Amino acid sequence: MPNSPPEKPVYRFAPSPNGFLHLGHALSAFLNHDMAKASGGRFLLRIEDIDLTRCTAEFEEMIYRDLTWLGLDWEMPVRRQSEHFDAYRDALDRLRSMGLVYPTFLTRGEVKAHVTAYETNGKNWPRDPDGSPLYPDDDRLRNEAERAHLIAKGIKHAWRMDVMKAMALVGKQLSWQETGTGHPETIPADPTIWGDVILSRSDAPSSYHLSVVIDDALQGITHVVRGEDLYTATAIHRLLQELLGLPEPVYHHHQLIVGSDGRKLSKSEGSTGIAALRDEGLLPGDIRRIVGL
Ligand code: GLU
């Protein structure tokens, strides 16, 4: 029997249409595209639009326009997350049947009040790598009757993962393979630094973490190339992949392009927006040079 040919590498660029693409997105898109072409692989585009209030059709159109102008081409059809909520619901149901998710009822304001009350005694409430307070224990400690009662009362709720329980179930140290510059090849993954993360929001039937791992698996992504801002989130993605029996891509986190104030670019920062730079008369080659390629 002849050996089957090795699988082609599959790369993806996965922007959210909630603002204009900026230089940081251009770097990610170029890297994914160039690495796919250089390896004889495939380049996919995914629209991460689960946030139906912030994502708009206009921003999505601008993504296609900017990427086309930059000289990139991608396979059709484009996967739009808003068309696949069922897939994320199914995954959440599986985790629920494993006893790994629970409903959470505290609003952002209530969490803040909880943390402030705790910190008035001079103690520090634990925070995640982005600086947000870890979610308090209260909802995890509720019994089923209480949960059912609150849901029946119509209280808005999200679903969070019981990360400690999930880690105990996995029962081993997790890691990921990294090819980004300046990182060791194998990175130990500790999802507990994020506390009990949201897997399904009160206003959307999924979350970034859940949909990204489902889509990377369904689209057969072999290489995830994205900004360093998502480096520590990879630990959560590895845990979800392990729990759901999904394949593990290789990760490559690239440096972030920072603004003149040294801070990460935001989507509202007009001066580094691709469309604004195009209107100023810059060419795609200039954008490549500015992002260091
Ligand atoms: N949608 C995410 C963003 O726009 C990127 C997700 C990823 O590459 O994993 O920041």
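The values are calculated or read from the model by the stated rules, or taken from the named source; none is laboratory data. Owing to the predicted nature of the structure, the values given are computational and were not obtained by experimental measurement. We place every Cβ from the backbone using ideal geometry, glycine too, and count neighbours over all the protein chains shown. These accessible areas exclude ligands, DNA and RNA; they are computed on the full protein's heavy atoms, side chains included. Shrake-Rupley method; radii C 1.70, N 1.55, O 1.52, S 1.80 Å.
Heavy-atom accessible area for residue 135, with the other protein chains in place and a 1.4 Å probe, reaches approximately 30 Å². Mean residue ellipticity, 222 nm, helices only, the chain: the sum of -39500 (n - 2.57) across DSSP H runs of n ≥ 4, divided by residue count and rounded to 500, is -11000 deg cm²/dmol. Here's how it looks for residue 250: its modeled amide H is under 5 Å from those of 223, 224, which are all 5 or more places away or on a different chain.
Heavy-atom accessible area, probed at 1.4 angstrom with all protein chains present, ranks 196, 34, 261 as 261, 34, 196, highest first.
Across 248, 178, 144, mean-square fluctuation computed from a Gaussian network of the chain (C-alpha pairs under 10 Å connected) peaks at 144.
Bridges between two residues of the chain, per DSSP, are antiparallel at a rate of about 50%.
When the residues 139, 73 are ordered by accessible surface, computed with a 1.4 Å probe over the protein chains alone, the sequence from largest down reads 73, 139.
Note on the stretch 139-168 and the stretch 219-233: Cα centroid distance 29 Å, given to the nearest whole angstrom. In summary, the aspartates and glutamates within cross-link reach of residue 37, defined as a Cα separation below 16 angstrom excluding same-chain residues under 8 places away, comprise 7, 73, 75. Projecting label points 7 angstrom from Cα along Cα→Cβ for residue 164 and residue 140 puts them 0.5 nm apart.
Quick check: at a probe of 1.4 Å, how many percent of the accessible area of the chain sits on carbon and sulfur atoms? Carbon plus sulfur share of accessible area: 54 percent.
Which of the three applies to the stretch 90-225, rounded, prolate or oblate, going by the alpha-carbon gyration tensor with a ≥ b ≥ c and a/c under 1.5 meaning rounded? Since a/c reaches 1.5 but b/c is at least a/b, the shape of the stretch 90-225 is classed as oblate. If you sort 105, 59 by accessible surface, 1.4 Å probe, largest first, the order is 59, 105.
Estimated at 0.36 nm per residue, the fully extended path between residue 98 and residue 256 surpasses their Cα-Cα distance by 53.2 nm. Accessible surface computed residue by residue for the chain, with neighbouring protein chains in place and a 1.4 Å probe, gives 51 Å² per residue.
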